[in-house]
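Trainee: Before I ask anything, here is the structure I am working with.
Since every read-out is calculated from the coordinates, none of them should be taken as a lab result. On a predicted model such as this, the values are computed, not experimentally measured, just so you know. Please note: Cβ atoms are built from the backbone with ideal geometry, for glycine as well, and neighbour counts cover all protein chains shown.
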Amino acid sequence: MNRRPTLDSVAKACGVSRMTVSNVFNRPDQVSPATRERVRQVAEQLGYFGPNPAGRSLRHGRTRTIGVLLTERLPYAFTDPGLLEFLHGVATELARSGHALLLLPSSEEIRSEEGKPTDGTTAAPVSVAQAALVDGFLIVLAGAADPTVHQVLRRGLPAVSWGQPRLPGVPRIGIDNARGAREVARHLRALGHRRLGVITFGARIVRAVHQTMRQRVNGFLAEFADVPSEAITVVEATENTRAAGSIAARGLLSADTPPTAIFAVTDVLALGVLDEATRMGIAVPERLSVAGFDDIPDAARATPPLTTFSQALVDQGRLAARTLLDRISGTAGEDLIEVRTQLTIRGSTAPAPSPNGRRAASFAESPSSSKES
């Protein structure tokens, strides 16, 4: 088996010192042009293209790479618009500082033959995140119950969390999800809506992302605590997709007494509600008001534009990355960093229709709300 060429083998072939070869690749200004060219030619012939990046990182103590730990499997990062917005913000901030981003699924494991026990037992699996060469972690959509989170925190590297319950000693970038959902509920209540549908997802899955959704549901319901329970129907979509939101809405809108307003815990699900209302010939907002949560780009482009709770996801990504980079450089961060939020009122919500089919009287907008035409 051919062994990988090393600095020593290149130095021997060139008749120069190991330090000279190292300088050619790391400090070329310290080597004469003629020697530099000769070393590079010999190195290329031997198949040596520079020091091992992992070894270099260990020597320098920095990889200039940030690990983003996800509870969900990797494809989720490329299908969820809200997460994409957050990661866009992260990548934007990291690009400014010359850092790379490494996505790490907490569920994936590495099973290495190295260090395999000789007594016939099976070696304990090592998570991808546990073995990753990074300077710090953004813990995204992963809670304290996730075993990989414990593995990551035991490494002692700087960490910042986003989108889940607080972790001990880890700064958190996030919002008050219950309060945000309550603002949406107040808006619908002021419009006169008392027959309501709520669409969530993953209620039976114990993961931080779904805990967040439960917080939104609970915050919304708290505002309607005085409304008879039979007037509010909570349904669970199979997943956080537009198609699943459409299917969930179909059940609500096909009821003998359908809701006059539907709140979906994400904009993706709310857009599915708009799709289903169009398919069923239900006018929005004349007969049905629809509200979401997140304010992804498609919310403003919907027909009609979607009322939603905006949480500045790109800004949160940039803030999370900046906070982590500050901790890596030794700057202390706050335990909890809140970001700007607002209820963004658009054309998908209007006064509830009266029993005779006409819309109820208008309302006074909350001072914390913003209105977009």
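Trainee: Going by how many other Cβ atoms sit within 10 Å of their own, how do THR308, THR212 line up, fewest first?
Mentor: Arranged by neighbour count, lowest to highest, THR308, THR212 become THR212, THR308.
Trainee: ALA100's amide H: which non-local residues (gap 5+, or another chain) put their own amide H closer than 5 Å, with H modeled 1.01 Å from N in plane and none for Pro or chain starts?
Mentor: It is THR65, ILE66, by chain and number.
Trainee: Among ARG195, ARG182, ARG155, what is the fewest-to-most ranking by other Cβ atoms within 10 Å?
Mentor: Sorted ascending by nearby Cβ count, the order is ARG155, ARG195, ARG182.
Trainee: Next question. Where does each of ASP135, ASP226 land when they are ranked from fewest to most other beta-carbon atoms within 10 angstrom?
Mentor: By the 10 Å Cβ count, ascending, the order reads ASP226, ASP135.
Trainee: From the phi of every residue in region 19-24, what ³J(HN,Hα) in whole Hz does the Karplus formula 6.51 cos²θ - 1.76 cosθ + 1.60 yield, where θ is phi - 60° and glycine or proline is x?
Mentor: Couplings: 5, 5, 5, 4, 5, 4 Hz.
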